[in-house]
1. Please go through segment 113-131 and give me each residue that is of a type in the set (A, V, I, L, M) and touching a residue at least 24 places away in the same chain (Cβ under 8 Å), ordered by number.
2. Select from segment 1-32 the residues that are at pLDDT below 95, in contact with a Gly (Cβ under 9 Å, 6 or more places away or on another chain) and in a strand (DSSP E or B) and list them in ascending order.
3. Of the conditions (1) open to solvent by less than 20 Å² (accessible area, probe 1.4 Å); (2) on the phi > 0 side of the Ramachandran plot, A2 satisfies every one except a single condition; which number is it?
4. How many of the residues in segment 132-165 are in a loop (DSSP other than H, G, I, E, B) and free of Cβ contacts under 8 Å to residues at least 60 places away in the same chain?
5. If I filter segment 42-62 for residues that are open to solvent by less than 10 Å² (accessible area, probe 1.4 Å) and modelled with pLDDT of 95 or more, do I get at least one hit?
6. Exactly one condition in (1) closer than 25 Å to L114 by Cβ; (2) touching an Asp or Glu at 6+ places or on another chain (Cβ under 6 Å) is false for A2; which is it?
7. In segment 48-80, what count of residues is obtained for those that are under 18 Å from G244 (Cβ atoms) and over 15 Å from the mean Cα position of the chain (by Cα)?
8. Name the pairs whose Cβ atoms lie under 8 Å apart, with the first residue in segment 166-194 and more than 14 Å from A154 (Cβ to Cβ), the second basic (K, R) and open to solvent by 60 Å² or more (accessible area, probe 1.4 Å), and 6 or more positions between them or separate chains?
Amino acid sequence: MANGRAWALEPRSGRLTCLFAARHPGPFVWGPRGDRALLARLEVKSLGHAPHRPASAVDPPAASWGRPIGKSIVFVGRTGHALLKAHPAGGAFRDVTPVRGAKYKLVVYHPSGLAFAFVLRRRGHESIWISSNTGAKPHKLVHGRLHTGFQALAFGDAGNTLYFAALHADNHVDVHELPLVGATSAPAVWRSKPGERVSDVLPGWPGIALTVGRSCESRRAVLVTKHPAGVDAIPGGRPSRTVGWLDDHHLLVAVGGCGSRLDLYSVEHASLRARLLVKNVDAASVRRPEPLPPPPLPNIGAKSSFA
(Lines give C-alpha, C1' and ligand atoms only; values in the text may rest on other atoms or scores of the structure.)
Protein backbone atom coordinates (compact mmCIF):
# COMPACT_ATOMS: atom_id res chain seq x y z
CA MET A 1 0.00 0.00 0.00
CA ALA A 2 1.18 3.48 -0.82
CA ASN A 3 -0.32 6.97 -1.01
CA GLY A 4 -3.66 5.85 0.41
CA ARG A 5 -4.21 3.09 -2.15
CA ALA A 6 -3.66 -0.64 -2.42
CA TRP A 7 -1.64 -1.75 -5.44
CA ALA A 8 -0.92 -5.13 -6.99
CA LEU A 9 2.67 -5.65 -8.11
CA GLU A 10 3.54 -8.53 -10.45
CA PRO A 11 7.03 -9.57 -9.23
CA ARG A 12 8.39 -10.74 -12.59
CA SER A 13 7.21 -7.95 -14.87
CA GLY A 14 7.02 -5.15 -12.29
CA ARG A 15 3.55 -4.20 -13.56
CA LEU A 16 1.50 -2.15 -11.08
CA THR A 17 -2.30 -2.16 -10.85
CA CYS A 18 -4.33 0.06 -8.51
CA LEU A 19 -6.89 -2.05 -6.60
CA PHE A 20 -8.75 0.22 -4.18
CA ALA A 21 -8.42 3.20 -1.85
CA ALA A 22 -7.42 2.46 1.75
CA ARG A 23 -6.41 5.11 4.26
CA HIS A 24 -5.67 2.80 7.22
CA PRO A 25 -4.06 -0.51 6.21
CA GLY A 26 -3.89 -2.06 9.68
CA PRO A 27 -2.91 -5.73 9.31
CA PHE A 28 -3.47 -5.61 5.51
CA VAL A 29 -3.82 -9.39 5.08
CA TRP A 30 -5.31 -10.93 1.94
CA GLY A 31 -7.89 -13.70 2.27
CA PRO A 32 -7.15 -17.22 1.04
CA ARG A 33 -8.58 -16.60 -2.46
CA GLY A 34 -6.85 -13.25 -2.93
CA ASP A 35 -10.14 -11.43 -3.56
CA ARG A 36 -10.57 -9.64 -0.20
CA ALA A 37 -8.22 -7.94 2.26
CA LEU A 38 -8.48 -7.35 6.00
CA LEU A 39 -7.57 -3.79 7.02
CA ALA A 40 -7.68 -1.82 10.28
CA ARG A 41 -10.76 -2.05 12.51
CA LEU A 42 -11.99 -5.21 10.77
CA GLU A 43 -12.64 -3.38 7.50
CA VAL A 44 -12.75 -5.71 4.49
CA LYS A 45 -11.98 -4.35 1.03
CA SER A 46 -12.81 -6.63 -1.88
CA LEU A 47 -12.31 -7.10 -5.59
CA GLY A 48 -15.03 -7.93 -8.09
CA HIS A 49 -18.17 -9.28 -6.45
CA ALA A 50 -16.52 -10.44 -3.21
CA PRO A 51 -18.21 -9.15 -0.04
CA HIS A 52 -16.92 -6.10 1.79
CA ARG A 53 -17.29 -4.87 5.37
CA PRO A 54 -17.12 -1.29 6.66
CA ALA A 55 -14.69 -0.39 9.43
CA SER A 56 -15.97 -0.95 12.97
CA ALA A 57 -15.04 0.46 16.37
CA VAL A 58 -13.08 -2.74 17.12
CA ASP A 59 -9.38 -3.03 16.23
CA PRO A 60 -8.33 -6.50 17.40
CA PRO A 61 -4.76 -7.36 18.44
CA ALA A 62 -4.92 -10.68 16.54
CA ALA A 63 -7.11 -12.04 13.73
CA SER A 64 -7.07 -14.81 11.12
CA TRP A 65 -8.91 -15.42 7.85
CA GLY A 66 -11.17 -18.46 7.62
CA ARG A 67 -10.28 -21.00 4.98
CA PRO A 68 -10.67 -22.07 2.20
CA ILE A 69 -12.58 -19.05 0.79
CA GLY A 70 -12.47 -16.44 3.55
CA LYS A 71 -16.12 -16.47 4.58
CA SER A 72 -15.26 -15.40 8.14
CA ILE A 73 -12.55 -13.82 10.28
CA VAL A 74 -11.83 -15.05 13.80
CA PHE A 75 -10.32 -12.46 16.13
CA VAL A 76 -9.40 -11.72 19.75
CA GLY A 77 -12.07 -9.46 21.22
CA ARG A 78 -13.53 -8.05 24.44
CA THR A 79 -10.15 -6.85 25.69
CA GLY A 80 -8.71 -10.32 25.18
CA HIS A 81 -11.40 -12.32 27.00
CA ALA A 82 -13.16 -13.81 23.96
CA LEU A 83 -12.73 -15.14 20.46
CA LEU A 84 -15.27 -13.69 18.05
CA LYS A 85 -16.08 -14.06 14.36
CA ALA A 86 -16.82 -11.34 11.84
CA HIS A 87 -18.22 -11.97 8.37
CA PRO A 88 -16.86 -10.02 5.39
CA ALA A 89 -20.37 -9.05 4.28
CA GLY A 90 -21.04 -7.31 7.61
CA GLY A 91 -23.43 -8.08 10.42
CA ALA A 92 -23.03 -8.78 14.11
CA PHE A 93 -20.07 -10.57 15.62
CA ARG A 94 -20.46 -14.21 16.64
CA ASP A 95 -19.00 -15.49 19.92
CA VAL A 96 -16.93 -18.65 19.39
CA THR A 97 -14.98 -18.52 22.67
CA PRO A 98 -13.76 -22.08 23.34
CA VAL A 99 -12.62 -21.75 26.98
CA ARG A 100 -14.31 -19.37 29.42
CA GLY A 101 -12.43 -17.54 32.14
CA ALA A 102 -9.24 -17.17 30.09
CA LYS A 103 -7.44 -14.34 28.31
CA TYR A 104 -6.64 -14.83 24.62
CA LYS A 105 -3.48 -13.70 22.86
CA LEU A 106 -3.15 -15.30 19.39
CA VAL A 107 -5.47 -17.17 17.02
CA VAL A 108 -4.87 -18.81 13.63
CA TYR A 109 -7.12 -20.86 11.34
CA HIS A 110 -6.14 -24.36 10.24
CA PRO A 111 -5.75 -24.55 6.40
CA SER A 112 -8.76 -26.88 6.21
CA GLY A 113 -10.98 -24.16 7.67
CA LEU A 114 -12.41 -26.69 10.13
CA ALA A 115 -10.46 -25.64 13.23
CA PHE A 116 -8.37 -22.87 14.73
CA ALA A 117 -5.48 -22.86 17.18
CA PHE A 118 -5.06 -20.22 19.84
CA VAL A 119 -2.92 -19.11 22.76
CA LEU A 120 -4.66 -18.43 26.06
CA ARG A 121 -3.50 -17.43 29.52
CA ARG A 122 -5.11 -18.90 32.61
CA ARG A 123 -3.92 -19.14 36.22
CA GLY A 124 -0.64 -17.44 35.36
CA HIS A 125 0.35 -19.78 32.50
CA GLU A 126 0.03 -19.57 28.72
CA SER A 127 -0.85 -22.64 26.67
CA ILE A 128 -1.73 -23.54 23.07
CA TRP A 129 -5.08 -25.11 22.25
CA ILE A 130 -7.07 -26.16 19.21
CA SER A 131 -10.84 -26.30 18.76
CA SER A 132 -13.38 -26.67 15.99
CA ASN A 133 -14.10 -23.59 13.91
CA THR A 134 -17.17 -22.96 16.10
CA GLY A 135 -15.13 -23.10 19.31
CA ALA A 136 -16.39 -26.59 20.20
CA LYS A 137 -14.28 -29.44 21.62
CA PRO A 138 -11.26 -27.38 22.76
CA HIS A 139 -8.16 -29.52 23.22
CA LYS A 140 -4.83 -28.46 24.76
CA LEU A 141 -1.83 -29.06 22.49
CA VAL A 142 1.05 -27.44 24.40
CA HIS A 143 1.17 -26.67 28.12
CA GLY A 144 3.01 -23.58 29.30
CA ARG A 145 4.74 -24.84 32.42
CA LEU A 146 8.18 -24.77 30.78
CA HIS A 147 7.68 -21.44 28.98
CA THR A 148 6.94 -17.89 30.02
CA GLY A 149 4.90 -17.20 26.91
CA PHE A 150 4.21 -17.82 23.23
CA GLN A 151 5.01 -15.19 20.63
CA ALA A 152 3.93 -16.54 17.23
CA LEU A 153 1.77 -19.35 15.88
CA ALA A 154 1.34 -20.83 12.38
CA PHE A 155 0.19 -24.02 10.67
CA GLY A 156 2.28 -25.60 7.94
CA ASP A 157 0.69 -25.49 4.49
CA ALA A 158 -0.22 -29.20 4.54
CA GLY A 159 -2.02 -28.73 7.86
CA ASN A 160 -0.21 -31.56 9.64
CA THR A 161 2.19 -29.40 11.65
CA LEU A 162 1.92 -26.47 14.03
CA TYR A 163 4.86 -24.10 14.49
CA PHE A 164 5.12 -21.93 17.57
CA ALA A 165 7.67 -19.56 19.12
CA ALA A 166 8.10 -20.16 22.86
CA LEU A 167 9.83 -17.69 25.17
CA HIS A 168 11.73 -19.55 27.89
CA ALA A 169 12.55 -18.43 31.42
CA ASP A 170 16.20 -17.81 30.54
CA ASN A 171 15.08 -15.12 28.05
CA HIS A 172 15.66 -16.98 24.76
CA VAL A 173 13.06 -18.10 22.21
CA ASP A 174 12.79 -21.53 20.59
CA VAL A 175 10.71 -22.08 17.45
CA HIS A 176 9.13 -25.53 17.77
CA GLU A 177 7.59 -27.89 15.22
CA LEU A 178 4.66 -29.93 16.54
CA PRO A 179 3.14 -32.76 14.43
CA LEU A 180 -0.61 -32.74 15.07
CA VAL A 181 -0.92 -36.55 15.10
CA GLY A 182 1.20 -38.99 17.08
CA ALA A 183 3.58 -36.42 18.56
CA THR A 184 5.32 -37.11 21.86
CA SER A 185 7.47 -33.98 21.64
CA ALA A 186 7.81 -30.71 19.74
CA PRO A 187 11.46 -30.38 18.69
CA ALA A 188 13.04 -26.94 18.39
CA VAL A 189 13.99 -26.07 14.80
CA TRP A 190 15.60 -22.72 15.63
CA ARG A 191 16.87 -20.90 18.74
CA SER A 192 17.29 -17.16 19.30
CA LYS A 193 20.03 -15.31 21.08
CA PRO A 194 19.16 -14.13 24.63
CA GLY A 195 16.84 -11.14 24.57
CA GLU A 196 15.61 -11.62 21.01
CA ARG A 197 11.93 -12.03 20.22
CA VAL A 198 10.08 -13.67 17.30
CA SER A 199 7.13 -11.76 15.85
CA ASP A 200 6.45 -13.79 12.67
CA VAL A 201 6.66 -17.48 11.74
CA LEU A 202 5.99 -18.22 8.06
CA PRO A 203 6.19 -21.91 7.09
CA GLY A 204 6.95 -22.60 3.45
CA TRP A 205 7.98 -25.45 1.20
CA PRO A 206 11.76 -24.88 1.62
CA GLY A 207 11.62 -24.17 5.37
CA ILE A 208 10.43 -21.39 7.64
CA ALA A 209 10.94 -17.63 7.63
CA LEU A 210 11.05 -15.61 10.85
CA THR A 211 11.08 -12.00 11.96
CA VAL A 212 13.54 -11.73 14.86
CA GLY A 213 14.84 -8.83 16.96
CA ARG A 214 15.11 -7.06 20.28
CA SER A 215 13.35 -3.94 18.94
CA CYS A 216 11.86 -2.59 15.74
CA GLU A 217 15.19 -1.04 14.80
CA SER A 218 17.07 -4.33 15.29
CA ARG A 219 14.55 -6.72 13.74
CA ARG A 220 15.63 -8.86 10.80
CA ALA A 221 14.15 -11.40 8.42
CA VAL A 222 15.69 -14.84 9.01
CA LEU A 223 15.48 -17.88 6.74
CA VAL A 224 15.72 -21.35 8.29
CA THR A 225 16.02 -23.73 5.33
CA LYS A 226 19.27 -25.48 4.48
CA HIS A 227 20.80 -23.17 7.09
CA PRO A 228 19.54 -24.74 10.37
CA ALA A 229 21.00 -21.93 12.45
CA GLY A 230 19.18 -19.42 10.27
CA VAL A 231 20.60 -16.80 7.95
CA ASP A 232 19.61 -13.17 7.46
CA ALA A 233 17.56 -12.79 4.29
CA ILE A 234 18.79 -9.19 3.81
CA PRO A 235 22.20 -8.53 5.39
CA GLY A 236 22.98 -4.97 6.38
CA GLY A 237 22.12 -2.38 8.94
CA ARG A 238 18.50 -1.57 8.01
CA PRO A 239 15.66 -3.33 9.86
CA SER A 240 13.76 -5.98 7.87
CA ARG A 241 10.84 -8.33 8.35
CA THR A 242 9.27 -11.25 6.56
CA VAL A 243 6.04 -10.56 4.67
CA GLY A 244 5.15 -13.86 2.95
CA TRP A 245 6.18 -16.49 0.41
CA LEU A 246 5.73 -15.23 -3.14
CA ASP A 247 6.08 -18.81 -4.39
CA ASP A 248 7.88 -21.98 -3.27
CA HIS A 249 11.29 -20.38 -3.80
CA HIS A 250 10.98 -16.65 -3.11
CA LEU A 251 10.31 -14.75 0.10
CA LEU A 252 8.95 -11.20 0.17
CA VAL A 253 10.94 -9.09 2.65
CA ALA A 254 10.14 -5.53 3.76
CA VAL A 255 13.17 -3.39 4.60
CA GLY A 256 12.81 -0.23 6.65
CA GLY A 257 9.83 0.80 8.73
CA CYS A 258 10.12 1.99 12.35
CA GLY A 259 8.84 5.41 11.33
CA SER A 260 10.07 5.29 7.74
CA ARG A 261 8.63 3.78 4.57
CA LEU A 262 9.38 0.29 3.30
CA ASP A 263 11.34 -1.10 0.38
CA LEU A 264 10.23 -4.55 -0.81
CA TYR A 265 12.62 -7.28 -1.95
CA SER A 266 12.17 -10.74 -3.42
CA VAL A 267 14.75 -13.11 -1.87
CA GLU A 268 15.52 -16.51 -3.42
CA HIS A 269 15.81 -18.98 -0.53
CA ALA A 270 18.69 -21.12 -1.85
CA SER A 271 21.07 -18.46 -3.18
CA LEU A 272 19.81 -15.55 -1.01
CA ARG A 273 19.82 -13.36 -4.12
CA ALA A 274 17.73 -10.28 -3.33
CA ARG A 275 15.94 -8.27 -6.00
CA LEU A 276 14.39 -4.88 -5.27
CA LEU A 277 10.74 -4.82 -6.36
CA VAL A 278 9.48 -1.41 -5.22
CA LYS A 279 10.49 1.43 -2.92
CA ASN A 280 8.66 3.71 -0.47
CA VAL A 281 5.50 1.80 0.44
CA ASP A 282 3.48 1.97 3.66
CA ALA A 283 2.49 -1.70 4.08
CA ALA A 284 2.72 -4.96 2.15
CA SER A 285 1.05 -8.34 1.95
CA VAL A 286 1.40 -11.34 -0.36
CA ARG A 287 -1.68 -11.90 -2.51
CA ARG A 288 -1.34 -15.58 -3.36
CA PRO A 289 -4.47 -17.76 -3.62
CA GLU A 290 -4.20 -20.94 -1.58
CA PRO A 291 -4.53 -24.30 -3.36
CA LEU A 292 -7.89 -26.04 -3.64
CA PRO A 293 -9.09 -28.38 -2.34
CA PRO A 294 -7.71 -27.50 1.09
CA PRO A 295 -5.83 -30.10 3.12
CA PRO A 296 -7.91 -32.23 5.49
CA LEU A 297 -8.00 -31.66 9.23
CA PRO A 298 -6.01 -34.42 11.02
CA ASN A 299 -7.93 -36.50 13.51
CA ILE A 300 -7.05 -34.60 16.67
CA GLY A 301 -10.36 -34.88 18.48
CA ALA A 302 -11.77 -31.46 17.62
CA LYS A 303 -15.18 -31.96 16.03
CA SER A 304 -15.64 -29.34 13.33
CA SER A 305 -18.14 -27.88 10.93
CA PHE A 306 -18.04 -25.12 8.36
CA ALA A 307 -18.90 -21.77 9.91
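The values are calculated or read from the model by the stated rules, or taken from the named source; none is laboratory data. Bear in mind the structure is a predicted one, so any value in this text is a computation, not a measurement. As a convention, Cβ positions derive from the backbone with ideal geometry for all residues, glycine included, and neighbour counts pool all protein chains shown. Side chains are part of the model used for accessible areas, which takes the heavy atoms of the whole protein and leaves out ligands, DNA and RNA. Shrake-Rupley method; radii C 1.70, N 1.55, O 1.52, S 1.80 Å.
1. Here is the first cut: in segment 113-131, the residues of a type in the set (A, V, I, L, M) are 114-115, 117, 119-120, 128, 130.
Across segment 113-131, the qualifying residues are L114, A115, A117, V119, I128, I130.
2. Across segment 1-32, the qualifying residue is only A21.
3. Answer for A2: the failing condition is (2).
4. Of all residues in segment 132-165, those in a loop (DSSP other than H, G, I, E, B) come to 133-138, 143-148, 156-160.
Checking which are free of Cβ contacts under 8 Å to residues at least 60 places away in the same chain leaves us with 135, 143-148, 156.
Count: 8.
5. Here is the first cut: in segment 42-62, the ones open to solvent by less than 10 Å² (accessible area, probe 1.4 Å) are 42, 44.
With the extra rule that they be modelled with pLDDT of 95 or more, the set shrinks to 42, 44.
Yes, segment 42-62 contains at least one residue that is open to solvent by less than 10 Å² (accessible area, probe 1.4 Å) and modelled with pLDDT of 95 or more.
6. The failed condition is (1).
7. 1
8. The qualifying pairs are L167/R197; H172/R191; H172/K193; V173/R191; V173/R197; D174/R191.
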